[in-house]
1. Restricting to segment B:78-87, name every residue that is more than 11 Å from B:L40 (Cα to Cα) and open to solvent by less than 10 Å² (accessible area, probe 1.4 Å).
2. Which residues, counting only those in segment A:420-461, are of a type in the set (K, R) and under 23 Å from A:G329 (Cα atoms)?
3. Out of all the residues in segment A:701-732, which are within 14 Å of chain B (Cβ to nearest Cβ), touching a residue at least 60 places away in the same chain (Cβ under 8 Å) and open to solvent by less than 10 Å² (accessible area, probe 1.4 Å)?
4. Could you tell me how many of the residues in segment B:34-54 are more than 7 Å from chain A (Cβ to nearest Cβ), over 13 Å from A:D26 (Cα atoms) and surrounded by 23 or more Cβ atoms within 10 Å (Cβ to Cβ)?
5. Of these, A:L296, A:L290, which one is crowded, with 22+ Cβ neighbours inside 10 Å and either in a loop (DSSP other than H, G, I, E, B) or in contact with a Phe, Trp or Tyr (Cβ under 8 Å, 6 or more places away or on another chain) (or both)?
6. Quick one: in segment B:113-142, which of the residues that are assigned to a helix (DSSP H, G or I), in contact with a helix residue (DSSP H, G or I) (Cβ under 6 Å, 6 or more places away or on another chain) and within 10 Å of chain A (Cβ to nearest Cβ) is most open to solvent (accessible area, probe 1.4 Å)?
Amino acid sequence: METIGKSVYRKEAPDKVTGAAKYTADVQKPGMLHAKLVISPYAHARIKDIDISEARKMPGVRAVLTGQPTPLVGEEIRDRPPIAFGKVRYHGEPAAVVVADTPVQAQAAAERIRIAYEPLPVVNSPADALRKDAPLIHENLEQYEKGVMTYAEPNTNIASRIRIRKGDAAKGFSESDVIVENRISFAPSDHAAMETRCCVAEIAADGTVTIITSSQAPFMAKKIISAAFGVEIGKIVVHAPLVGGAYGGKSSVQWEIIGYLASKAVGGRPVKLDYTREEDLLTAPVHIGLDATVKLGCSKDGKLLAAEMVYLFDSGAYADKSPNLSRAGAVDCTGPYHIDHVSCDSLSVYTNHPYPSAFRGFAHSEVLFAFERTMDMLAAKLQMDPLALRRKNAIAPGHTTPTQVLLNTSNVGNLPRCLERLQELMNWEEGALIRLSDRKVRAKGISCIWKTSTIEPDASSGAVLLANPDGSINLVSGVVEIGTGTKTVLAQMLAEKLRMDVSRIHVKMEVDTQTTPEHWKTVASRGTFMAGRAVLAAAEDLIRQLKDIASRVLRCSPDDLEVGGERVFLRDDPKTGISIKDIAYGYTYPNGNAIGGQIIGRGNYILRHLTCLDPETGAGVPGPEWTVGAQGVVVEYDRRDHTYQILKAVSVIDIGNVLNAKAARGQVIGAMSMGLSFGGRETFEIDRNGIVLNPQLRTYRPLRFGEHPEYIVDFVETPQLDAPFGARGVGEHGLLGMPAALANALSLASGTDLNRLPLTPEFIWRTKRGTSHDSV
Amino acid sequence: MHPSSYGKIGLHLNINGEERTVTIRPADTLLDVLREHLGLTGSKPGCLNGDCGACTVIVGDLPMKSCLMLAVEAADHQVITIEGLNHAPIQQAFIEKFAFQCGYCTPGFIMNVHALINRHPQADCETVKEWLKSNICRCTGYTEIEEAVRSCLLP
């Protein structure tokens, strides 16, 4: 292949290194006003009174907005007033909005708004939320409008419960020789994309709503605003320019709704709402927290027989995507192993924490941390090598998943091969724990990974190709360029299919929902698969039209023609043909007659055969394929002060087929970095009142330059037969096993089971001392 | 006192070799003035607190976080922003080494590295680390950025 597999530079690269690349916050419009939020300082409180009189009198103020009882918004459960009404349910919740001529004036006025709160008891963890005496966070859960895959339990704090019942867990445990049980827990954390969430909204005289937003889900923003406010859906145009990092955090619709309300309050004038870093961390959706128990049973030679899990996902104050997150955690609740008897209850539970959106991996790194920690504890109890235990139970074609999908050689990758490669790359034979000195040890930890993409069964993607009069092609797809380089990969696919130079394919970077075909959401590592299929279908359509018009000019059958090198030519006589540039806009005969017109190819793709899950057993087809992999971490650990350095991080992933070598490697390394950061250091510090103590990048600290380990990335290639060029999704997978592998390495190094995140030296010290995380 | 009654002042700045005149509030940061008054949106806001480095520009010959500096403080200095670089080697190196993904932190990193290369053309690993840990990249694993920097330093 000419273009596939090559490290083609990103199409938008020159713009990104010169400052020319435009993101939402760079937009300025004539007459644009600015909105500022007033956010709740409480995690749970009744709003007794809001006094906006002083704010209204401030210079430059054009509107002040407070909450209304309706409409409610939310993706899976409509439980959220866009601006709090009656009570606030999390620290950072929008409680009022000011619109003024300048950001400084808006901020000054926001500071004059007086809100009287009456604090309410706070629900501070999913486990607390399930206590019989726990305060109800949503008294009206029963009345809320809900999605079909959401199973809420009214009069409790349970937003959704997914049940997985495969085989007979009780029987599996009764036949087991060795059983371990483990509890893990971590608090919510954040995506912390470098670009904070931002939008510019306006409403034209004819009612057309235009929103420019830093979003992975412009098409969802259109749907949600239409449904909530009764705006005709065709009159909502959402633009998504380049997005400055997303990682799932920009797949929820929140700031756009507030921006729309702000513009409506000032007669439709353009209003920019640009979250501060503090608002981006607190107010905008976060990375989900989890409390979990995992119980595993196996034979004495290490054959897994039964698994029983309870996953309590921290849904925070509102449901939004959390019912889907608990569902995604349920469908792959075990990790990539063949187990006949599986029982899992996966709940999303309301608390008074900031609410979650998707986070790279969509509940998988979270569940794998719980499961893969327990696998290491099982290996220890068996006195078995943890890699050998995993190899013995590795999932393979012919096995079934927890939702009873039968796997074949296309819909699952080759996990045993990944484990073999990992074993070599980590020099596993030398041993997992090596003593370096009285203080220092070097330790290795591993984790297997898998993931399917549990997106909506009816999600679709479309593409349009427009021929230019010079023979080049414009490619239009609904995938948002969030940094993954997907649009460049789509151009590579098209170049390969049309056998032309990729530099002659022009990619439209910005998505706008009026002229761009829908791509459901740019999430779930589905860009190359779904949009790729759509592009290939559009290319077929384009080729058919090219051959049709060329066949008339060349006086032959279209079946005799081939397309390549920007020409259409006879298969058996390539010198006889016509350039695409001469037919791109139709063909003109010497006497002036013309035929055809601009060549426009179109294609779309919808995932096939996905099903809803059985509410009692979870049986069903949740996603199209499972990407698998094996990962490891090597740490050097100081036994005296519990500090450690991550020396190496290794990923072996079955990617199906590498489409762009350096871009794929970059995706995997970037995801690994994020996984190590989540596992090792990132968390919201939440006090007993539910207040987030560290909403700044000074106190919420992602990995920085120089703290990165050596990354080793290798790929296994087992093609997925129905994917474009066989490629499997890979945008998220590098992250999935990192927290578990790091915890396994540090548990070994410290000689203590470490079952919470993040793995800070202080936490390791507390665990070794046997005191809880919260007390001194 | 209301913000509108703060007196605005005229200010001469030298940005990317061009003399520019702006009328601003004395409290405006250099980042505000670059982005809102001069249309130079390549410098990015990320935290407005000096934590992320996305707004880094070069003032004199040192990288400065433009969110932490008042525009009036730049009055007697030459300011270079990402828009003022003209095919600097580090720009091409970032492309060739795949040293960015979303690109939002990229101008800040490039300005920081550009100043580093000019000041310490033979910088060792520790110096590079010392300089670059002031910027956050959330997409890459930093190794690609490290490769790009190394490719522009003298051996």
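The values are calculated or read from the model by the stated rules, or taken from the named source; none is laboratory data. Owing to the predicted nature of the structure, the values given are computational and were not obtained by experimental measurement. Virtual Cβ from ideal backbone geometry, glycine too; neighbours counted across all protein chains shown. Only protein heavy atoms, including side chains, enter the accessible area calculation; ligands, DNA and RNA are left aside. Shrake-Rupley method; radii C 1.70, N 1.55, O 1.52, S 1.80 Å.
1. Result: B:V79, single match.
2. Of all residues in segment A:420-461, those of a type in the set (K, R) come to A:421, A:435, A:439-440, A:442, A:444, A:451.
Matches in segment A:420-461: A:K451 only.
3. Once the filter is applied, which keeps residues that are within 14 Å of chain B (Cβ to nearest Cβ), touching a residue at least 60 places away in the same chain (Cβ under 8 Å) and open to solvent by less than 10 Å² (accessible area, probe 1.4 Å), segment A:701-732 yields A:P702, A:P709.
4. 1
5. Details: A:L296 fails: either in a loop (DSSP other than H, G, I, E, B) or in contact with a Phe, Trp or Tyr (Cβ under 8 Å, 6 or more places away or on another chain) (or both).
When all the criteria are applied, what remains is A:L290.
6. Taking segment B:113-142 and keeping what is assigned to a helix (DSSP H, G or I), we get B:113-119, B:125-132.
Cutting the leftovers down to in contact with a helix residue (DSSP H, G or I) (Cβ under 6 Å, 6 or more places away or on another chain) gives us B:113-114, B:116-117, B:128, B:131.
Applying the additional criterion that residues be within 10 Å of chain A (Cβ to nearest Cβ) yields B:128, B:131.
Values: B:V128: 6, B:W131: 45 Å².
In this case the residue turns out to be B:W131.
Yes/no per residue for (1) among the aromatic types (F, W, Y); (2) over 20 Å from the mean Cα position of the chain (by Cα); (3) open to solvent by 20 Å² or more (accessible area, probe 1.4 Å); (4) not assigned by TED's automatic domain parsing to the domain that holds A:D582:
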| position | (1), (2), (3), (4) |
| --- | --- |
| A:L425 | no, yes, yes, yes |
| A:R435 | no, yes, yes, yes |
| A:R439 | no, yes, yes, yes |
| A:A443 | no, yes, no, yes |
| A:I473 | no, yes, no, no |
| A:K487 | no, no, no, no |
| A:V507 | no, yes, yes, no |
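For every residue, the table says whether it meets (1) assigned to a loop (DSSP other than H, G, I, E, B); (2) within 26 Å of A:R327 (Cβ to Cβ); (3) open to solvent by 10 Å² or more (accessible area, probe 1.4 Å).
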position	(1), (2), (3)
A:A159	no, yes, no
A:A205	yes, no, yes
A:T210	no, no, yes
A:A221	no, yes, no
A:S226	no, yes, yes
A:G245	yes, yes, no
A:S251	yes, yes, no
A:G259	no, no, no
